[in-house]
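Quick note: the coordinates plus some simple rules give every number you see, no bench work behind them. Since the model is a prediction, treat every value here as computed from it, not as a measurement. Every residue, glycine as well, gets a Cβ built from its backbone with ideal geometry; the counts of neighbours run over all protein chains shown.
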Amino acid sequence: MSEFHVVPGAVIKDILASQAHSMVARIEQAYLQHHAGQTVNPDSYFLRFPQQPANRIIALPASLEGEDAVAGIKWISSFPGNVAQHKPRASAVVILNDRETGYPYACLEGAQISAVRTAASAVSGAYWLNGQSRRAGSVGFIGAGVIARNIARMLAVEGWDIDQAVVHDFDEASTLALKGYVEQIDLCTAHAGSLQQALAADLVVFATTAGEPYVKPPMAFRAGQVVLNISLRDIAPQLLLEANNLCDDVEHCMKANTSPHLAEQLTGNRDFMNGTLAALISNEVSLDPAKPSIFSPFGLGVLDLALSKFIVDVALAESRAVAIDSFFGETLRWN
């Protein structure tokens, strides 16, 4: 039986920073494993609160096969009201289970892992939807929170060549904070702008807490634009029908009234979907250059597991994980 270890947030932050250059490649590998049927990734489970409809806690169980086989679950809360108290909206833990015994062997602070895997997924999508190019004249950030900050940082880590950023958020302090951060990390120059200005960028990043679409016709995306639909519910379904559409897992994406789910309800089919990012990476799907391209990743638990397993392995190798003595009350069936 394995010992039980806790990996604190400070250790995770340091490992993620020192290994930032490898995050996109690790996420792409997990996507390809999922595409090859080497994962188990059930539906996410949403715990909602009738008296607090904006709040939710989500369980994402999953397992990875292969050399680094592991099972586990991410338990992540989203409480938008935290922002008004200057606290992050999301908090999370990840539990890893041994595949031989089923025993849990590690607990990790999960919000940072979730944010980095989301950013790495987004930046991978941007690269492949942008014709395997890391060049964009402009990037528009719609929503200026933790996810947008992590995406900006991952764009810088991956060496994107961008001239300018437009930041749009209802909260002025958040707008100014992200604007300053984009310039601090030398991604590009940045300025605050309107929704329309952000929507006109070559690369558009949606990272909001919107519950239903507000980007509707006559608004439109143009041919060649790359749109990262990270928050999933900002874009009206009619706009998806005029675009190339990719996601991380089609079945997962068609639920919870995401923009693709609304498009499916509108049309009665999924013909508007080109396929998954992994299929694009594998050269199994093609994109129409006369259309904008939208990436709508629902967020797969296997991505959190892949990064969490890597972090635990590094933390154990460097003796930076905290062992919890006598965590298991009984270690034998009969004493």
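For trypsin sites (Lys or Arg not before Pro), the sites in region 161-245 that DSSP calls loop and that have at most 15 other Cβ atoms within 10 Å are 222.
Under a model in which nothing but the beta-carbon of Lys, Arg (+1) and Asp, Glu (-1) is charged, region 237-335 shows a dipole of about 100 debye around its Cα centre. Note the angle between two axes, namely the Cα long axis of helix 111-129 and the longest principal axis of the Cα atoms of the chain, as a number of degrees from 0 to 90, rounded to the nearest 10. It is inclined by approximately 40 degrees.
A straight Cα-to-Cα reach below 17 Å connects residue 309 with the aspartates and glutamates 3, 14, 28, 65, 67, 68, 98, 100, 109, 318, residues fewer than 8 places away in its own chain not being considered.
Here the label points at residue 210 and residue 238, each 7 Å from Cα along the C-beta direction, are separated by 1.4 nm in the simple model. The angle between the Cα long axis of helix 9-18 and the longest principal axis of the Cα atoms of the chain comes to about 60 degrees, rounded to the nearest 10.
Once the convex hull of all Cα atoms in the chain is built, its volume per residue stands at 150 Å³. Unpaired Cys in the chain, meaning no second Cys C-beta under 4.7 Å: 107, 188.
Pairs over the 20 Å Cα-Cα cut-off, from the set 216/291; 87/255; 13/87: 87/255. For region 35-86, the Kirkwood hydrodynamic radius from C-alpha pairs, put into Stokes-Einstein at 4 °C and a viscosity of 1.567 mPa s, yields a diffusion coefficient of 99 µm² per second. Each listed q (0.09 Å⁻¹) maps to a log10 I(q)/I(0) for region 76-230, found by the Debye formula over equal Cα scatterers with no solvent: -0.32.
Candidates 63, 53, 37 compared by Cα position along the dipole of region 23-87: farthest toward the positive end lies 53, with charges placed on Cβ. Pick from 45, 31, 105: which is most flexible by mean-square fluctuation in a GNM of the chain where alpha carbon atoms under 10 Å apart are linked? With Cα springs under 10 Å in the chain, the top fluctuation among 45, 31, 105 is at 45.
Over the chain, dividing the summed -39,500 (n - 2.57) contributions of all DSSP H runs of at least 4 residues by the number of residues returns a 222 nm mean residue ellipticity of -10000 deg cm²/dmol. Between 173, 243, 200, find the one with the highest GNM mean-square fluctuation for the chain; connect C-alpha pairs within less than 10 Å. Evaluated over the chain, the most mobile residue of the options is 173.
A cut-off of 5 Å between modelled amide H atoms, ignoring neighbours fewer than 5 places along the same chain, links residue 110 with 92, 93, 94.
Coupling constants for region 87-102 follow from the phi torsions by the Karplus curve (6.51 cos²θ - 1.76 cosθ + 1.60, θ = phi - 60°), and in residue order they are 10, x, 4, 10, 9, 7, 10, 10, 10, 9, 10, 5, 6, 7, 10, x Hz; glycine and proline get x.
Counted residue by residue at 0.36 nm each, then reduced by the alpha carbon distance between them, the extension gain from residue 13 to residue 184 reaches 59.7 nm. When only Cα pairs below 8 angstrom with a gap of at least 6 residues are kept, the chain shows a relative contact order of 20 percent. Backbone amide hydrogens, once placed in the peptide plane, bring residue 204 within less than 5 Å of 140, 226, 227, 228, excluding anything fewer than 5 places away on its chain. In this Cβ point-charge picture (+1 for Lys and Arg, -1 for Asp and Glu), the chain has a dipole of about 660 debye about its Cα centre.
Counting 0.36 nm for each residue step from residue 46 to residue 68 and taking away their Cα separation leaves a gain of 5.1 nm. Computed extension length for residue 324-residue 36: 100.0 nm, one decimal, from 0.36 nm per residue of separation with the Cα-Cα distance subtracted. Axis of helix 146-157 versus longest Cα principal axis of the chain: the two differ by about 80°, to the nearest ten degrees. Placing pseudo-labels 7 Å out from each Cα toward the beta carbon at residue 3 and residue 100 gives an inter-label distance of 1.7 nm.
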